[in-house]
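Student: One structure coming up, written as structure tokens, with questions to follow.
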Ligand SMILES: Nc1ncnc2c1ncn2[C@@H]1O[C@H](COP(=O)(O)OP(=O)(O)OP(=O)(O)O)[C@@H](O)[C@H]1O
């Protein structure tokens, strides 16, 4: 596979008159976690369904694991694994039987099952019907089933929606382990915190369009609100600093000064040089960037509906 796991250009999809994806471009380097972030109904599942060949696009093109989505759908399918929002596991079967079903489907050989059960901490529960599993156990089994056949690229459609914080963190650890093992993860989420924690790159999807794409840090830098905070030894030094940097404001504590800016090295150097020239020295310096909630608000003009849930 080339360095690029997924390349998407101008992908479009409408259901009837409703345009769900209005020409999206995505680039996912191999061996990374890419997060498609967006609120309910933004078009995340539709994107996953298109890229996993479940449905056909109306326009645009995509290559997944080096294969053209339309011309070589079979090649795409052989290279990917998908874990959906509605787990593909069969409630009436045991964990072992569900895995066996997947092994038979993928002609993978049953020898992989004990290792997968152990990896996902399901050993001991494998003979129980999945109906008795907790939500976290179901998700883990679903992901274990996805790994049968060792896919290069794994699509995880909202893998932690509905999970309690502890199970969510366990799932995050599992996802990080997978990437450490060399796979590429395409993760959809409505949780800003999840994208922030896991993703190497994030694309923000809103009403069928990508409104921003980059690392979490890049996205945070794009919006106003970044500032450098300087703490001085005494109020006189802080006052002197505020005089030489016209855009600076002073905090109530009297010794801290805030300077709006992106916190990039060039602007930091200029700021420190200017203070130096005036014989003023800060005791502490920190760069403050807004969080992804601020980014979402700035990009879409709306606050993020899942923020509450993500911080529960
Ligand atoms: N088969 C379909 N027929 C008609 N409309 C559809 C179909 N599938 C999805 N939609 C509509 O497309 C829009 C995007 O849906 P999609 O499931 O891709 O969003 P999402 O970002 O995954 O949201 P969620 O977080 O709720 O899963 C929604 O308005 C949905 O109602």
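Student: Using the Kirkwood radius built from alpha carbon pairs, what does the Stokes-Einstein equation give as D for region 106-193 at 25 °C and 0.890 mPa s, in µm² per second? All intermediate terms of the calculation are to be shown ahead of the outcome.
Tutor: Numbers: Rh = 13.8 Å.
Taking Rh from Cα pairs, D becomes 178 µm²/s.
Student: Which FRET efficiency value, to the nearest 0.05, is calculated for residue 270 and residue 27 with the Förster distance at 35 angstrom and r the Cβ-Cβ distance? Walk me through the intermediate numbers first.
Tutor: Numbers: r = 33 Å, r/R0 = 0.93.
Taking R0 as 35 Å, the efficiency between residue 270 and residue 27 is 0.60.
Student: Sticking with this one: Contour minus end-to-end for residue 278 and residue 222, with contour as 0.36 nm per residue of separation and end-to-end as the Cα-Cα distance? Let's see the in-between values first.
Tutor: Details: separation 56, 0.36 × 56 = 20.16 nm, distance 3.07 nm.
Computed gain between residue 278 and residue 222 is 17.1 nm.
Student: Given the chain, what percent of its DSSP beta bridges are antiparallel, to the nearest 5?
Tutor: Numbers: 34 of 52 bridges.
DSSP beta bridges in the chain are roughly 65 percent antiparallel.
Student: To the nearest 10 degrees, how steeply does helix 95-106 sit against the main Cα axis of the chain, on a 0 to 90 scale?
Tutor: 80
Student: With only alpha-carbon atoms in the gyration tensor, what are the semi-axes of the equivalent ellipsoid for the chain, in Å, largest first? Mind dumping the intermediate values first?
Tutor: On the way: eigenvalues 400, 107, 59 Å².
The three semi-axes for the chain are 45, 23, 17 Å.
Student: Could you work out the mean projected area of the convex hull around the alpha carbons of region 227-288, in square nanometres to one decimal? Show your work: numbers first, answer last.
Tutor: Values: hull surface 14.1 nm².
The orientation-averaged projected area of the Cα hull of region 227-288 comes to 3.5 nm².
Student: Can you show me the helix-derived [θ] at 222 nm for the chain, built from DSSP H runs with n ≥ 4 at -39,500 (n - 2.57) apiece and divided by the number of residues, rounded to the nearest 500.
Tutor: On the way: 12 runs with 113 residues, N = 312.
Computed ellipticity for the chain at 222 nm equals -10500 deg cm²/dmol.
Student: Let me ask something additional. Compare the peptides 46-57, 238-249, 286-297 by average per-residue count of other Cβ atoms within 10 angstrom and give them in order, highest first. Present the calculation step by step, with values, prior to reporting the outcome.
Tutor: Values: 46-57: 20.2, 238-249: 16.1, 286-297: 18.2.
Highest to lowest by the protection proxy: 46-57, 286-297, 238-249.
Values in this text are rule-based calculations from the coordinates and carry no lab data. Note that the structure is predicted; figures quoted are calculated from it, not measured. Cβ sites come from the backbone with ideal geometry, for glycine too, and all protein chains shown count toward neighbours.
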